Amino acid sequence: MHGKINMNRKGILYIISAPSGAGKTSICRAILSLFPVLRQSISYTTREMRHGEKEGRDYHFVSHKAFDKMIADSAFAEWAKVHGNCYGTARAILEQASEEGTDILLDIDYQGAEQLRDSGVNGVFIFILPPDMTELRKRLESRNTDDEKIIARRMNNAAGEISKAKNFDYLVVNDILDQAVEKVRAIMIAEASRTERIIKTLPEEFGLK
Ligand code: 5GP
């Protein structure tokens with residue numbers, strides 16, 4: 001997010017959650033291209049690889065056994081079961097980003113977001129909403145990647161997920177994609193400009209520290 005690396009600057013953790021079909025993946029992709037220095041956290045999952053996905057780019061695809069071992073080793077900053085599969089964020093990715101001062105984007109479900117919030121992680125929590133449930137179903141159907149049973153399960157879960165939206169710092173309704181991206185971008189710029197974040201990076205001669 002910043003042209004020059006400032007060693008006094010801590011990386012910002014942006015957590016983006018949404019029910020599937022709300023357009024979170026498209027928003028995250030657009031945001032990553034707008035902020036070339038922003039890094040995406042690649043999660044671990046036990047779910048099957050979808051057509052067009054790539055190991056290490058979309059996820060680290062692992063067995064249940066390997067996932068369980070990571071849980072036992074406390075290797076996850078958060079993990080959750082979503083739509084019957086396990087997903088987790090490696091603690092090491094967050095620690096490294098914070099140390100390097102790199103901003104990082106997490107595309108995770110609300111349960112994971114809650115775990116991070118409860119563990120006292122200093123992050124910016126953003127929830128993406130569809131305009132309404134009819135539009136959400138339409139979007140899930142037009143993806144053509146999941147069968148009717150999976151769509152029904154995701155619709156079912158969406159209501160519960162949306163009820164958690166009030167625990168987030170920001171709500172972005174994704175009606176028109178470009179506008180939703182613009183809102184997320186504005187949130188990120190404002191967060192990066194917060195006094196407590198900027199003050200540590202300013203010259204000593206300002207006498208503000
Ligand atoms: P999908 O299977 O469609 O890629 O993702 C399903 C859901 O799992 C999405 O809501 C996505 O945000 C969430 N997810 C992906 N990675 C993680 C993770 O590391 N932790 C948690 N809690 N959820 C994740």
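At a glance:
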{"read-out": "Accessible surface of Phe127 - all protein chains present, 1.4 Å probe, nearest 10 Å²", "value": "0 Å²"}
{"read-out": "Largest-first ordering by accessible area, 1.4 Å probe, given options Leu177, Leu116", "value": "Leu177, Leu116"}
{"read-out": "In Hz, Karplus ³J(HN,Hα) per residue of the range 46-56 (6.51, -1.76, 1.60; θ = phi - 60°; x = Gly, Pro)", "value": "9, 6, 5, 6, 7, 4, x, 7, 9, 4, x"}
{"read-out": "Computed lengthening from Asp147 to Glu99, 0.36 nm per intervening residue step minus Cα-Cα distance", "value": "13.1 nm"}
{"read-out": "For Ile12, residues with placed amide H under 5 Å, excluding near neighbours", "value": "Asp103, Ile104"}
{"read-out": "Val173 long-range amide H proximity, modeled H, under 5 Å", "value": "Leu129"}
{"read-out": "Loop-located trypsin sites (Lys or Arg not before Pro) in the range 52-134 whose Cβ has at most 11 other Cβ within 10 Å (DSSP)", "value": "Lys54, Arg57"}
{"read-out": "22 Å Cα-Cα reach of Lys183 towards lysines, excluding residues that sit fewer than 8 places from it in its own chain", "value": "Lys24, Lys164, Lys166"}
{"read-out": "DSSP-assigned coil residues among GluC sites (Glu not before Pro) in the range 1-89, each with at most 10 further Cβ atoms within 10 Å", "value": "Glu48"}
{"read-out": "Estimated [θ] at 222 nm from DSSP helical runs (n ≥ 4, -39500 (n - 2.57)) normalised by residues in the chain, nearest 500", "value": "-12000 deg cm²/dmol"}
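The values are calculated or read from the model by the stated rules, or taken from the named source; none is laboratory data. For clarity, every value in this text was computed on a predicted model and none was experimentally measured. Cβ sites come from the backbone with ideal geometry, for glycine too, and all protein chains shown count toward neighbours. In case anyone asks, the SASA skips ligands and DNA or RNA and just uses the protein heavy atoms, side chains included. Shrake-Rupley method; radii C 1.70, N 1.55, O 1.52, S 1.80 Å.
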